[in-house]
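Participant: Provided herewith is a single structure, encoded as structure tokens, for subsequent inquiry.
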Amino acid sequence: MNKIYKIKDLLDIQKNTKEFLMMDEVEILEDNKAMGKKIFNEDFWIFKYHWPGDPNVPAVFQTEVMTQISSILILGKPQHNNKTLLVVNSNNLKFKKKILPNETLIVYTELLSFKRSLAKFSARGFVNDEICCAGDFLMVLQEDLI
């Protein structure tokens, strides 16, 4: 299994601009499990605005990293080309540690079920092997509207 997606691949799969791509690499570990990472370099644009003097990654960006990495388990499959996954629900969100400039968030995600275009995921994020965020997500698969 172990397919690895790099930024170019992820931009082809994920319908975001490079500035809002919240993953740098995703590895499919099993059919329903993935590990991905986002490197938050000190020049990451949000650090200029989020708590000047105490820059850190906002919880909403951590959530976006978890959902984008999770989505690759579905969108990375050829039969789901030209489709989009939209978050419709999130539960059990936890944020336990600040993510600072020059830190890398590693996310482990699992696809719990995928029925009738609804995908359930559970994800956990770590920095330096310490858990910093977690959440459960429900996403819906949509056809491309173009």
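The values are calculated or read from the model by the stated rules, or taken from the named source; none is laboratory data. Nothing here was measured: the structure is a model prediction, and the numbers come from that model. When we count neighbours, we look across all protein chains shown, and the Cβ atoms used for this are built from the backbone with ideal geometry, even at glycine. Just the protein is used for accessible areas: all its heavy atoms, side chains included, with ligands, DNA and RNA removed. Shrake-Rupley method; radii C 1.70, N 1.55, O 1.52, S 1.80 Å.
Participant: Has the stretch 56-64 got at least one residue that is modelled with pLDDT under 95, farther than 19 Å from F137 by Cβ and not aliphatic (A, V, I, L, M)?
Facilitator: No - not one qualifying residue is present in the stretch 56-64.
Participant: Among the candidates I74, I106, I69, which residue alone is in contact with a helix residue (DSSP H, G or I) (Cβ under 8 Å, 6 or more places away or on another chain) and open to solvent by less than 70 Å² (accessible area, probe 1.4 Å)?
Facilitator: From the options I74, I106, I69, the qualifying one is I74.
Participant: Restricting to the stretch 25-49, and then to whatever is more than 14 Å from L73 (Cα to Cα) and surrounded by 17 or more Cβ atoms within 10 Å (Cβ to Cβ), can you tell me which residue is farthest from the chain's Cα centre (by Cα)?
Facilitator: Only one residue tops the list, namely F47.
Participant: Go through L111, L100 for me and flag whichever is touching a strand residue (DSSP E or B) at 6+ places or on another chain (Cβ under 7 Å) and surrounded by 11 or more Cβ atoms within 10 Å (Cβ to Cβ).
Facilitator: Of L111, L100, the one residue that is touching a strand residue (DSSP E or B) at 6+ places or on another chain (Cβ under 7 Å) and surrounded by 11 or more Cβ atoms within 10 Å (Cβ to Cβ) is L111.
Participant: Next up: From the set of residues in the stretch 38-55 that are of a type outside the set (F, W, Y) and part of a loop (DSSP other than H, G, I, E, B), which is modelled with the lowest pLDDT?
Facilitator: Selected residue: P52.
Participant: Still on this structure, I have one more. Which of the residues that make up the stretch 1-19 are in a helix (DSSP H, G or I), touching a residue at least 12 places away in the same chain (Cβ under 8 Å) and open to solvent by 30 Å² or more (accessible area, probe 1.4 Å)?
Facilitator: I7, I13, E19 - these are the residues of the stretch 1-19 that are in a helix (DSSP H, G or I), touching a residue at least 12 places away in the same chain (Cβ under 8 Å) and open to solvent by 30 Å² or more (accessible area, probe 1.4 Å).
Participant: Let me ask something additional. Before we move on, is T63 in a helix (DSSP H, G or I), buried (at least 16 other Cβ atoms within 10 Å of the Cβ) and in contact with a Phe, Trp or Tyr (Cβ under 6 Å, 6 or more places away or on another chain)?
Facilitator: For T63, the condition - in a helix (DSSP H, G or I), buried (at least 16 other Cβ atoms within 10 Å of the Cβ) and in contact with a Phe, Trp or Tyr (Cβ under 6 Å, 6 or more places away or on another chain) - is not met.
Participant: Additional query: Which residue pairs have Cβ atoms under 6 Å apart, sit 6 or more places apart or on different chains, and have a first residue in the stretch 87-102 that is closer than 19 Å to F114 by Cβ and a second that is open to solvent by 70 Å² or more (accessible area, probe 1.4 Å) and polar (S, T, N, Q)?
Facilitator: Listed pairs, sorted by first residue: none to list.
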